[in-house]
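Nothing in this text is a laboratory measurement; each read-out follows from the coordinates by a stated rule. Only a predicted model underlies this, so the values are computations on that prediction, with no experimental measurement involved. Positions of Cβ are generated from backbone atoms using ideal geometry, with glycine treated the same way; all protein chains shown enter the neighbour counts.
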Amino acid sequence: MSMLHIFNVSGSAVSAQSQRLNVVASNLANADTVAGPDGKAYKARQVVFQTVLMGQAGPGGTPDPKAAGVTVSTVTEDHTPGRRVHDPKHPAADADGYVTYSNVNAVEEMVNMISASRSYQSNVEVMTTAKSLLLKTLQMGQS
Amino acid sequence: MLNRLTESLDFQSRALVLRAERQRLIASNIANADTPGYQARDFDFAHALREAVGAVPTAGAAAATHARHIAPRAGATAEANLLYARASQPQVDRNTVDMDRERASFADNSVKYEATLRFINGSVRTMLEAMKSHTQG
């Protein structure tokens, strides 16, 4: 039943995309946070996807190249310097009167969000199709 | 006698297995649409089916000179038959999944899978009909 692997493959992709969406959500939520007491502002995060082979090709146990799922290998931090705004009245201002905000680029995050949700949708669609085909396969020869 | 009855189903069942394999392959491509460096893969269905029914020799098969030699698994299960897609529009992350092409292949493959299923159902119905006696409705 090689079709059953589709649920593993698409399921891993859906889970990876939802992690990406999670990271986008935390980036957007922290878009306006200022530097904490340690002087470091929130750094934008990005997920890195990696292919992971699922299932086994034969009894030998070699991974099957035809069932390639996705996993989030690492979450990287963006190290570009944060936005600095001159606001001496702000409680988090430094000696020169500058406040350091996080380095989140809201436009970039919105694009990332749309891309993640589209990929999520495609994978859900794949699973729906696979499910209906499998159900029809189960009824083979009955009608 | 009984294998004569199921012989006609053999071809369609091989086609169905290959269709399922291809469905899984395309699902993998769609899943990896955002993975850096992933190369989309596919196989030539017509060639794989010809291999599966033994019309052409299986890729990478050694000659079986002894009765206990094992033949490699036929068709698309051979790694050598999996082709790599070239990027229609090069991307910075070297990913070669073309989402439009993959979705079209996926829809095409699922329709053909269903068609193969219907062929099998039709043959089964024909055989069952042939087994009925004339006194039965």
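In the distance distribution for the stretch A:32-143, Cα-Cα pairs more than 23 Å apart total 59 percent. Descending by average beta-carbon neighbour count within 10 Å, the peptides A:128-140, B:82-94 line up as A:128-140, B:82-94, the highest first. Among the residues of B:9-15, the average count of other protein chain beta-carbon atoms within 10 Å of the residue beta-carbon is 0. Dividing the summed helix terms, -39500 (n - 2.57) for each DSSP H run of n ≥ 4, by the number of residues in chain A produces a 222 nm estimate of -14500 deg cm²/dmol to the nearest 500. With N set to the residue count of the protein assembly as shown, report its C-alpha Rg divided by 2.2 N^0.38 Å to two decimal places. Output field value: 1.41.
Electrostatic bookkeeping for residue A:104 treats Lys and Arg as +1 and Asp and Glu as -1; over the other residues with beta carbon under 11 Å from its beta carbon, the sum is -1. Averaged over peptide B:37-50, the number of partner chain Cβ atoms lying within 10 Å of each residue's Cβ comes to 1.
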